[in-house]
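Taking it in order: structure first as structure tokens, then the write-up.
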Amino acid sequence: MVRRTLLLAHLTVSIASTQAFAWDGTNTTTGTSVEIERGQLVRSGRTIEVYDSERGYKEYDVDSIRRYGRSVEIEATDTETGESTTLEMDDD
């Protein structure tokens, strides 16, 4: 019984920890909340998947990355529409 309880506790902590490693921010073009999930390499020239709170999952080509104080600004192009946008991500 104790072993089962410990396994359940470990599983719960693992799931909660995975969610905590997402990178939160704002699409400054649309004003919506965005999230870049854990495990994605965000570098110029790469394509990333971003969860947009209003439009769901979107793919962007990263054009540039700049750090401004306590945030990181990602200039990107929507792979579907070709529109440029700015993602301002929290640097916490």
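Out of all the residues in region 76-92, which are part of a strand (DSSP E or B) and over 14 Å from the mean Cα position of the chain (by Cα)? 77, 78, 84, 85 - these are the residues of region 76-92 that are part of a strand (DSSP E or B) and over 14 Å from the mean Cα position of the chain (by Cα). Being assigned to a loop (DSSP other than H, G, I, E, B), open to solvent by 60 Å² or more (accessible area, probe 1.4 Å) and at pLDDT below 95: is that true of residue 4 here? When the stated conditions are applied, residue 4 does not pass them.
Mind listing whichever residues of region 40-75 are among the acidic types (Asp, Glu), more than 17 Å from residue 21 (Cα to Cα) and in a strand (DSSP E or B)?
Going through region 40-75, the residues among the acidic types (Asp, Glu) turn out to be 49, 52, 54, 59, 61, 63, 73, 75.
Those still in the list that are more than 17 Å from residue 21 (Cα to Cα) too: 54, 59, 61, 63, 73, 75.
Scanning region 40-75 gives 59, 61, 63, 73, 75.
When the criteria are applied in full, residue 25 meets the requirement of being open to solvent by less than 50 Å² (accessible area, probe 1.4 Å), at pLDDT 90 or above and not hydroxyl-bearing (Ser, Thr, Tyr). If you filter region 68-80 down to residues that are over 19 Å from residue 33 (Cβ atoms) and at pLDDT 95 or above, you find that the one that is most open to solvent (accessible area, probe 1.4 Å) is 80.
The values are calculated or read from the model by the stated rules, or taken from the named source; none is laboratory data. Note that this is a predicted model, so its numbers are computed, not measured. Here Cβ is always computed from backbone atoms with ideal geometry, including for glycine, and neighbour counts include all displayed protein chains. Accessible surface is based on the protein model in full, side chains and every heavy atom, while ligands, DNA and RNA are left aside. Shrake-Rupley method; radii C 1.70, N 1.55, O 1.52, S 1.80 Å.
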